[in-house]
Each structure stands twice: as C-alpha cells, then as structure tokens.
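Visitor: The structure is given below, and queries will be raised subsequently.
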Amino acid sequence: MSKDARQLSAVLHDLKNPILAIERLSDILLEKEKLSSDARRKVELIRMSAEEASGYLEEFEFSSPPVLSDNFTFEPVDITALADQVVESFQPHAEYKGQHLRSADVAEEAMVIGDEVRLLEAMKNLVNNALKYSPHGETVEVRVTRSEEEVRFSVSDNGPGLGEEDLDHLFKPFQRLTHQPTDGEVSLGLGLYLVKQITSRHDGDVDVETTKGKGSTFTLVLPAARASLGGD
C-alpha cells in the first residue's frame, strides 16, 4: 500500500468518532425529545445516513498500517481545555449507554507544545475506547495533572481490564482486544496504534495500568511546555 493510501486509512479511522456522535445524538433526539412528524423524519434520515457511513468504514479494507501525515503544527496547547472539549463531545455516547463520563481531577491549566488537532485525536481515542469497552451504567473518569516537567492526561474505566494476551500487542495495528465492545460499536484495531504514534511525535509516551476484571487507566504523558521550551 502506498504512503498516500496509508494516510487515507488514518483519515478514515478518524471519521469513526464524529459519525458515532451523530448516531448517538440522533438516537437521543428520537427517544427523548418531543418532535413534530416532519422533524422526526429528518432526524431519522440523519441517523440512517450516519449508519450508512459507518457501514462503509466497516467494509473498507485496512491492509497496511496507516501512516500519519508529516504536517504537524507545534504550538502552545492547553490539555485541560482539550480535555473539557473531549468530555463534552462524548456526553451523548455516554448518555446513550447509561454511562457516566466526568472530569475528576483536572489541573486549571496544563500547557504543552504540540499539534492541537492530533492531540485531540489521541485524547478522543482513549475516551472512546473506555466508553466502548465499559458496560452500561459504568463511570469513566478523565484527569489532567501537571508537574514542572510533564503533563498527564488520564482516562480511567471500570471495564473488563486487560490480560497479558492483550498487553503484548496493545499498540500494534489491527489488533483487537479480547473483550468486545459492549454496544456493537465498530472496532478497527487502530485507535491505540494511532495514539502511540501521535504521542511519540510529541516526545511523549502512553502509560497503562490495568487489572483484569476491574478496569484500566490509560495516560498520555507529554513534556510540559516549560520543559519543552527549556524554561522561561
């Protein structure tokens, strides 16, 4: 597969989350809102279109690992602000599954030097995975902490946790976890691979703490802006 085709694979993977958000918001409107017959039909058409797009993604053949574009723009980014955006964007998904998505311990400001779009993508992938594999009614917590040297964005869930068989190939492309998504969500086996690639481009790392049967915490560890710039 050519480099262009592999970049296309990365873009197609990134389309999953916004399409899922459209599906979930449509479901909430159809189930909980009082709509006129005309408005209801329009929402149903939106839902059908999103479902169709999701089906196309499932049929796409990802035969080689996607490659990220070299077009990264590094500038000051507040991870706390991005975390707020991520939590808000996934509330419809959590609400649909009866889950609780909340910010638990968030620094007032947590600056890094990075590509805002790519960092947001990595953070969304972690939250999406936590919701995807957690049972209905469970809680997913987001934390942002910082020290002089690093910023940490953590996502904790009470899902099935990971066994050794998963940890051995967790960040490799096309690797699906032993446990299945709890509501039929699409899993291409590329999310954590892309998280790792994005974090590496920022001279960071991904920490994983997990207990089988009790849940997992995934943490993006990034150099703090002051450390990145060599001080004031």
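The values are calculated or read from the model by the stated rules, or taken from the named source; none is laboratory data. Not measured: the values here are computed from a predicted model. So basically every Cβ, Gly included, is an ideal-geometry build from the backbone, and we count neighbours across all protein chains shown.
Residue-by-condition table, conditions (1) among the polar types (S, T, N, Q); (2) surrounded by 17 or more Cβ atoms within 10 Å (Cβ to Cβ); (3) in contact with a strand residue (DSSP E or B) (Cβ under 7 Å, 6 or more places away or on another chain):
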{"position": "His100", "(1), (2), (3)": "no, no, yes"}
{"position": "Val117", "(1), (2), (3)": "no, no, no"}
{"position": "Met123", "(1), (2), (3)": "no, yes, yes"}
{"position": "Phe153", "(1), (2), (3)": "no, yes, yes"}
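Visitor: On the basis of being in contact with a helix residue (DSSP H, G or I) (Cβ under 9 Å, 6 or more places away or on another chain), among the hydrophobic types (A, V, I, L, M, F, W, C) and over 27 Å from Glu33 (Cα atoms), does Val117 make the cut?
Guide: So Val117 does not fit the description; no.
Visitor: Could you pull out every one of the helices (runs of 4 or more DSSP H) wholly within segment 1-63 that has 3 or more residues that are modelled with pLDDT under 70 and either over 21 Å from Tyr193 (Cα atoms) or not β-branched (Val, Ile, Thr) (or both)?
Guide: In segment 1-63, the matching helices (runs of 4 or more DSSP H) lie at 3-14, 37-59.
Visitor: Let me ask something else. Can you confirm whether Ser156 is within 21 Å of Asp84 (Cα to Cα) and among the polar types (S, T, N, Q)?
Guide: Values: within 21 Å of Asp84 (Cα to Cα): yes; among the polar types (S, T, N, Q): yes.
For Ser156, the condition - within 21 Å of Asp84 (Cα to Cα) and among the polar types (S, T, N, Q) - is met.
Visitor: Restricting to segment 91-128, and then to whatever is among the acidic types (Asp, Glu) and without any contact (Cβ under 8 Å) to a residue 60 or more places away in the chain, can you tell me which residue is farthest from Val144 (Cα to Cα)?
Guide: Among those residues, the one meeting the criterion is Glu116.
Visitor: OK, next. Can Met123 be described as touching a Pro at 6+ places or on another chain (Cβ under 6 Å) and hydrophobic (A, V, I, L, M, F, W, C)?
Guide: Working: touching a Pro at 6+ places or on another chain (Cβ under 6 Å): no; hydrophobic (A, V, I, L, M, F, W, C): yes.
No.
Visitor: Being in contact with a Ser or Thr (Cβ under 6 Å, 6 or more places away or on another chain) and under 27 Å from Ala110 (Cβ atoms) is the requirement here; does Glu141 meet it?
Guide: yes
Visitor: OK, next. If a residue counts only when it is under 12 Å from the mean Cα position of the chain (by Cα) and basic (Lys, Arg), which helices (runs of 4 or more DSSP H) contained entirely in segment 75-175 have at least 1 such residues?
Guide: Helices (runs of 4 or more DSSP H) meeting the threshold: 116-133.
Visitor: Name the residue, out of Gln197, Gln180, that is surrounded by fewer than 20 Cβ atoms within 10 Å (Cβ to Cβ) and in a loop (DSSP other than H, G, I, E, B). I'd like the intermediate steps shown before the answer.
Guide: On the way: Gln197 fails: in a loop (DSSP other than H, G, I, E, B).
Result of the check over Gln197, Gln180: Gln180.
Visitor: Still on this model: Pairs only if they're at least six apart or on different chains, beta carbon under 9 angstrom, first in segment 39-55 and free of Cβ contacts under 8 Å to residues at least 24 places away in the same chain and under 12 Å from Leu15 (Cα atoms), second surrounded by 12 or more Cβ atoms within 10 Å (Cβ to Cβ) and among the hydroxyl-bearing types (Ser, Thr, Tyr); list them, first residue then second.
Guide: Partner pairs satisfying both residue conditions: none exist.
Visitor: Ok, one more. With small (Gly, Ala, Ser) and either modelled with pLDDT under 80 or in contact with a Gly (Cβ under 6 Å, 6 or more places away or on another chain) (or both) as the only criterion, which of Gly161, Gly204, Gly191 stands out?
Guide: On inspection, the qualifying residue turns out to be Gly161.
Visitor: Report the residue count in segment 207-232 for those that are more than 21 Å from Gln180 (Cα to Cα) and either at pLDDT 95 or above or assigned to a helix (DSSP H, G or I) (or both). Working first, answer last.
Guide: Within segment 207-232, the first condition is being more than 21 Å from Gln180 (Cα to Cα), and the residues that meet it are 207, 219-232.
Narrowing the set further to residues that are either at pLDDT 95 or above or assigned to a helix (DSSP H, G or I) (or both) leaves 207, 219-229.
Qualifying residue count, segment 207-232: 12.
Visitor: Run down Glu88, Glu164 and say which single residue is without any contact (Cβ under 8 Å) to a residue 40 or more places away in the chain, closer than 18 Å to Asp207 by Cα and not aliphatic (A, V, I, L, M). If you could, list the steps in order and put the result at the bottom.
Guide: Values: Glu88 fails: closer than 18 Å to Asp207 by Cα.
The match here is Glu164.
Visitor: Output yes when any residue across segment 130-149 is out of contact with any helix residue (DSSP H, G or I) (no Cβ under 9 Å at 6 or more places or on another chain), over 21 Å from Glu95 (Cα atoms) and without any contact (Cβ under 8 Å) to a residue 60 or more places away in the chain, and no when none is.
Guide: yes
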